[in-house]
Every structure is written in structure tokens, then in C-alpha cells.
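Novice: Quick one: this structure, given as C-alpha cells, is what I'll be asking you about.
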Amino acid sequence: MADLVRKRNDELARILHQLGWSPERLAREVNAVLPVGMAISSTAPYKWRDRGMVPRSPHDQTVCEVLGRSVGIAVTYEQLWGRMGSHRGAKMLSPRLLTDPWTAGTAQTALHEAGADGAPVRLTDLFRGDELEQAARHWASPPPPVTGGEGALRIAPEQLADLRLSYESKQRLERAYGGGLILDLAKAELAMVGKLLELGSYDEPLGRELYGAASRLARLVGWANYDMGNDAAAQRAFVAALRAAHVSGDPRLGVGVVGCLAVQATYNPGGRGLDPVAMLSTALRAAEGVLTPRERALQLGRIARAHGRKGEQISAEAVAERAFRVLADVEGHAQERADLEGMVGEGYLLLGEHGQARSLLLAAIDSLSVERARAKALLMVRLADSYRRTGERAEAERTADRARSLAAGMQSARVARALRDFDTAMRAEA
């Protein structure tokens with residue numbers, strides 16, 4: 001009965017107005033991509049727009065995809081339907097995802113859920129900060145025995161090499177074009193690796209490497225979900241990645257996943273009380289002497305930015321100085337340094353120190369390669385917002401236009417949301 005309450009979907013109305021589409025036009029576009037027998041009526045979009053009704057799966061996601069392609073920037077489930085109050089499609093995954101024993105078997109269960117093509121998970125399904133902190137401590141404990149490995153499919157080192165190459169290619173695509181481009185592919189590959197763990201034949205060393213491959217893929221699924229604004233689904237994929245990293249016995253993988261959770265808690269509501277500084281600092285101490293300079297600098301940059309979010313300028317500057325020192329004597333890390341400049345620049349922007357923020361953001365934007373287009377576009381929007389806040393509207397608009405041009409067609413809800421927030425702030429000031 002909740003769907004009968006009149007509650008206009010302002011976001012859907014705004015996008016239709018931007019495209020110049022009538023509800024009938026939306027119905028035609030949706031029906032053009034739906035399988036035979038699943039067509040909607042021409043009046044259905046009126047109910048979505050004017051009465052706040054939420055279509056059932058797969059129509060809900062199809063509408064997002066159709067509008068995203070037409071607008072040129074991703075339209076996410078949470079953006080379009082998340083505020084409408086219907087609980088259709090919401091799927092609560094295992095409530096014991098954090099509390100189940102940290103064994104190889106439960107890691108396989110978590111990986112299966114992360115790779116499943118289930119209904120959207122809503123923001124109300126986010127974990128609490130204390131729950132995540134408790135889970136994040138497990139990765140540093142001794143790894144459990146690798147069980148299984150007695151199936152019919154013989155796993156060889158060559159398959160692991162292929163999985164690593166596939167992961168790296170998807171990661172490059174995600175960094176250039178956004179999480180929406182590779183999310184379904186990464187989930188499908190994660191499901192495949194889950195099948196290899198379940199049905200494969202492998203000894204313990206090879207099994208731990210296979211869990212490591214699964215951890216990387218689950219982390220990529222989580223990051224792509226985060227980039228698309230699916231915070232709860234991202235969190236669950238990160239926890240699956242953490243469980244697989246624990247079984248793999250590689251602490252570097254665990255620190256990388258904790259770093260992703262810290263990023264989510266810094267900028268999004270994904271923390272629910274989580275302190276990203278404390279959690280990631282603890283992870284770094286536990287992995288002392290294990291991380292490469294690149295990995296250590298990345299996590300320190302994330303800590304510095306989180307200090308900026310908390311308004312702790314002295315701590316932010318001290319951690320940033322440590323991060324730059326880590327990379328100072330290492331050659332061939334131009335992109336890593338650009339990443340670090342961008343994160344520290346964002347930290348200064350959060351502190352309101354626009355002069356220091358701009359010099360770092362400009363250096364990062366200038367150095368980031370075309371393969372890092374998503375990060376570059378996001379930093380351009382941050383820079384444009386800095387100009388807006390200090391009253392330099394012409395420069396703000398020029399910088400935002402550059403970001404908009406770079407982000408055209410990019411499947412990144414983070415970039416789309418940042419541009420939308422910037423435009424809203426500019427209109428409000430005008």
C-alpha cells in the first residue's frame with residue numbers, strides 16, 4: 001500500500017525534463033531493450049514520476065541504464081529510487097557476514113554473495129562502525145586452513161596468471177571509464193572464481209593464491225559498487241574481499257581492503273560511526289615492513305584526507321609529510337605521487353585551506369595520465385568547487401566544463417554526483 005501514497009519522484013522528473021522526454025517516450029525506450037514479454041505500459045512512467053511508485057526488477061535497473069546512456073553520465077538505483085520509500089527489490093544478505101567464523105568455507109559464502117546478481121542492497125543495510133572495526137581486525141590474525149581443493153577441475157598456476165591479467169585489465173578500465181562499465185563483468189568473474197574454489201583441485205599454496213585472486217576481484221566489485229553509489233553492496237563486497245584476503249595469508253591484500261572501507265567512510269555515509277583514521281592506522285601498524293612504498297604512501301594519503309574531513313589540520317599535514325617522504329627516493333612512481341597530491345589536496349580543501357589545496361590539485365590533474373581519467377575528472381570538480389567557494393565563478397565554471405567534457409559518457413556516479421552538487425551550489429549562489 002505504500003506505493004499508493006502520492007509522492008512525486010523529483011529526480012525522475014528532473015532527468016525527463018533535462019532530456020525533453022515524456023513518460024510515454026521513457027516507456028518506449030525501456031521497452032526497446034527489454035526481452036519479449038516484459039514490456040511495460042505507456043502509462044507506467046506516470047506512476048513512477050507522479051505517484052512515487054517503484055518498478056519491479058528488472059525494470060527498475062533498466063530505467064537507470066536507459067536514462068544513464070541518454071544523459072551520458074550514470075544514473076544509479078539509489079539516485080532514482082532510493083528515496084521513494086518502497087522496499088521492493090531490497091535484499092538483505094547474510095546478517096552474519098561479519099560474525100560468522102573466519103574460515104575458508106565462510107569466505108566462499110561471502111564471495112558467492114558478493115558475486116551474485118541479486119536485487120539492490122539499500123543504504124539501510126549498512127554495517128555499523130564497531131562491526132566493521134571488529135571484522136577489520138581479523139585479517140591480521142593467522143590464516144585458517146585451506147579446506148576443499150578436492151574437486152574435479154584441476155587448477156594450474158597458468159589459470160592464476162590469467163586471472164591476474166584479467167583483474168588488471170578491468171581495473172584499468174574502471175579507473176578510466178568508471179565502475180559502471182566493469183561492475184557486471186567483475187561480478188561474473190568473481191562468481192567464476194567462486195566456482196573454481198568450490199569445484200577445483202588444488203593444494204594449499206595454490207589454494208591460498210586462488211583466494212588472493214578472489215580477494216582482488218571482490219575488492220574491485222566493491223570499488224565499482226562504491227563508484228556507482230551502491231554503498232551497502234560495496235561494503236559487503238569489501239567484507240568478502242577481507243575474508244578471502246585472510247584465507248590467502250597475504251596481509252597486503254587485507255590492508256588494501258581496509259583502505260577502501262576507509263575511503264568510503266571518509267566521503268560517504270558508509271561508515272555509520274566508523275573512524276577511518278583509527279581503523280586504517282591500526283592496519284598499517286599491523287602490516288609494518290610488509291607494504292611496498294607505493295602501497296604505504298597510498299594508505300597514508302587516505303589517512304591524511306580523513307584527518308582533513310575531521311578538521312584535524314596538524315595531524316593531516318604530519319601524515320601527508322610522511323607519505324611524501326615514502327615516495328621521495330622511489331623512481332617510476334609519477335602516478336602514485338599524483339594520486340597522493342590529489343588526496344592531500346582534497347584534505348586541505350576539506351579544511352578550507354584553498355591556496356594549499358589548489359596547488360596540489362593542479363599538480364595532480366596535470367600529472368595524472370589518461371588511464372586515470374575518472375580520478376582526474378573528480379579532482380577537477382573539487383578544484384572548481386574551491387574556486388566557487390572563494391568567489392571566482394568564471395574560473396569555477398571553466399574548470400567544471402573541463403571536468404564535464406572529460407566525464408562525458410563515464411559510468412561513475414561519484415563524478416556525476418560531484419558535478420550535480422557543484423551545479424546546484426552555483427545556481428543557489430546566482
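Novice: Got at least one residue in the range 223-233 being among the charged types (D, E, K, R) and under 22 Å from P144 (Cβ atoms)?
Specialist: No, that holds for no residue.
Novice: May I ask you to verify whether G115 is under 30 Å from A245 (Cα atoms), at pLDDT 75 or above and buried (at least 21 other Cβ atoms within 10 Å of the Cβ)?
Specialist: yes
Novice: Further question: Could you check the range 154-201 and list, in sequence order, the residues that are under 24 Å from Q335 (Cα atoms), over 14 Å from the mean Cα position of the chain (by Cα) and of a type in the set (D, E)?
Specialist: The one that is under 24 Å from Q335 (Cα atoms), over 14 Å from the mean Cα position of the chain (by Cα) and of a type in the set (D, E): E168.
Novice: Let me ask something additional. Between V146, V193, which is closer than 15 Å to G105 by Cα, in a loop (DSSP other than H, G, I, E, B) and hydrophobic (A, V, I, L, M, F, W, C)?
Specialist: Exactly one of V146, V193 is closer than 15 Å to G105 by Cα, in a loop (DSSP other than H, G, I, E, B) and hydrophobic (A, V, I, L, M, F, W, C), namely V146.
Novice: Then there's this: Report whether or not D401 is among the acidic types (D, E), at pLDDT below 95 and surrounded by fewer than 16 Cβ atoms within 10 Å (Cβ to Cβ).
Specialist: No; evaluated as a whole, the condition is false for this residue.
Novice: Ok, one more. Looking at E336 and the list (1) at pLDDT below 95; (2) loosely packed, with under 15 Cβ neighbours inside 10 Å, which single condition is not satisfied?
Specialist: Every listed condition holds for E336 apart from (2).
Novice: Which residues, counting only those in the range 196-219, are farther than 16 Å from F238 by Cα and either modelled with pLDDT of 95 or more or in a helix (DSSP H, G or I) (or both)?
Specialist: L196, L197, E198, L199, E204, P205, L206, G207, R208, E209, L210
Novice: Quick one: count up the residues across the range 49-72 that are part of a helix (DSSP H, G or I) and either within 22 Å of the chain's Cα centre (by Cα) or of a type in the set (A, V, I, L, M) (or both).
Specialist: Matching residues across the range 49-72 total 11.
Novice: Additional query: If only one of L362, L383 is free of Cβ contacts under 8 Å to residues at least 24 places away in the same chain and either of a type in the set (A, V, I, L, M) or crowded, with 16+ Cβ neighbours inside 10 Å (or both), which one is it?
Specialist: One residue alone meets the criteria, L362.
Novice: What number goes with the only condition from (1) in contact (Cβ under 8 Å) with a residue 60 or more places away in the chain; (2) within 19 Å of the chain's Cα centre (by Cα) that R420 does not pass?
Specialist: Among (1) in contact (Cβ under 8 Å) with a residue 60 or more places away in the chain; (2) within 19 Å of the chain's Cα centre (by Cα), R420 violates only (1).
Novice: Please specify each residue of the range 15-37 satisfying the condition of being surrounded by 10 or more Cβ atoms within 10 Å (Cβ to Cβ), in a loop (DSSP other than H, G, I, E, B) and either modelled with pLDDT under 85 or charged (D, E, K, R) (or both).
Specialist: L34
Novice: Going through A156, A90 one at a time, which residue ends up being of a type outside the set (V, I, T), over 29 Å from A278 (Cα atoms) and either modelled with pLDDT under 70 or surrounded by 14 or more Cβ atoms within 10 Å (Cβ to Cβ) (or both)?
Specialist: Just one listed residue meets the conditions, A90.
Novice: Further, regarding this structure: Report, by residue number, each residue of the range 38-65 that is modelled with pLDDT under 85, among the hydrophobic types (A, V, I, L, M, F, W, C) and under 19 Å from M228 (Cα atoms).
Specialist: C64
The values are calculated or read from the model by the stated rules, or taken from the named source; none is laboratory data. In this text the structure is predicted, and so the values were computed from the model without any measurement. Neighbour counts are summed over all protein chains in view; Cβ atoms, including those assigned to glycine, are modelled from backbone coordinates with ideal geometry.
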